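The values are calculated or read from the model by the stated rules, or taken from the named source; none is laboratory data. Just so we're clear, the structure is a prediction, and the values are computed from it rather than from any experiment. All Cβ positions, glycine included, derive from the backbone under ideal geometry; neighbour counts span all protein chains shown. Calculation scope for accessible area: heavy atoms of the full protein, side chains included, ligands and nucleic acids excluded. Shrake-Rupley method; radii C 1.70, N 1.55, O 1.52, S 1.80 Å.
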Amino acid sequence: MSWKRNYFASGGGGGMQGILTPRTMTSIAPSKGLSNEPGQNSCFLNSALQVLWHLDIFRRSFRQLTSHKCMEDSCIFCALKNIFAQFQYSSEKVLPTDALRSALAKSFQDEQRFQLGIMDDAAECFENILMRIHFHIADESKEDICTARRCIPHQKFAMTLFEQCVCSSCGASSDPLPFIQMVHYISTTSLCNQAVKMLESREKATPSMFGELLRNASMGDLRSCPSQCGQQLRMARVLLNSPEIITIGLVWDSDHSDLAEDVIHSLGTCLRLGDLFYRVTEEKARQAELYLVGMVCYYGKHYSTFFFQTKVRRWMYFDDAHVKEVLSCLEWAECGAVRDSCWRNVPENHQEVLQLLTLS
């Protein structure tokens, strides 16, 4: 599959300028690694933590928060504040995450998730940390209807949606199903199948193709028309708000999928919300373009992270305690540079599990 080569060669994805020169230039301390001693199995947490620290929108907003519902030794808010202070001010090149790992384990002890010494899922860790932050700062609001202005997860990350089937033949529609998601999960099998179909039906790539690909890949199975007119329909998702950060979660059929390279080729670097969803209600969201700033990868029961650091204008690679630059802004202009840098720094069959895109 040559999806990504076609995509960049034709200028698809909204062009390179917004990616080359992000307008958000926020001061940030030099990059630091995170410890993961033998038996700790903390790479999943380290990847989620590097994502949160390097997301300028999150880091700035979290810094402004002070009051919260403290849970003492199981307080994820306090542990996150502590490690962020170390990121900013510590002279150490590698930081321990013991306090956060312990708070996470105690918070999810009943569910037996994220327990000490046990490997877990980086995408689910990232999502659950966001929901615990909601709990600490806006527990008076329910997770599915939170409108608290100080709630970073719901104000910055959450996609407020409803799903509905609408029949173009008879006009019947199903009852709308409202929900909120922090991560937009997509099957990699469906993603690759849809990429092949789209390339076969078009002479050249367009800027909207990446968003359309994600939308088509997440529409789910066919359903019968609500009025039983005989038509088979797919669910359409309508976006009701304008999130500043979009997180794409990639779901794999196995740890050793043969689709790894095809998925890399299928992922673009610029996303328009109007392409990702069937309909977008807010004008701000209809005009929004979000650009790739981070990726979490998995291979051989181990997670690592790529992220664009705005202060030094470099893509950095974080593998627990190890940190290195993988490409500069100038190199990023080269066709497929991010993909190629991934292949150089991680094993051949690595799997991307999270993509982070933000407003420029």
Would you work out what percent of the accessible area of the stretch 149-264, with all protein chains in place, is carbon or sulfur (probe 1.4 Å)?
45
Principal axis lengths of the stretch 204-269 from Cα atoms, whole Å, largest first?
42, 32, 27
Would you kindly calculate the translational diffusion coefficient of the stretch 28-82, applying Stokes-Einstein with the Kirkwood radius from alpha carbon pairs, for 25 °C and a viscosity of 0.890 mPa s, and quote it in µm² s⁻¹ without decimals?
191
Using a 1.4 Å probe, how large is the accessible area of Lys311, given in Å² and rounded to the nearest 10?
110
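Quick one: which of Lys142/Lys301; Lys93/Lys301; Lys81/Lys324 span more than 27 angstrom between C-alpha atoms? Walk me through the intermediate numbers first.
Details: Lys142/Lys301 34 Å; Lys93/Lys301 25 Å; Lys81/Lys324 25 Å.
Beyond 27 Å: Lys142/Lys301.
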Probe 1.4 Å, all protein chains in place: accessible area of Lys81 in Å², nearest 10?
60
Would you please put 154-166, 98-110 in order of how densely packed they are, using the mean number of other Cβ atoms within 10 angstrom per residue and starting with the highest?
154-166, 98-110
Highest mean packing first, using Cβ neighbours within 10 angstrom, the peptides 34-44, 59-69 sort as 34-44, 59-69
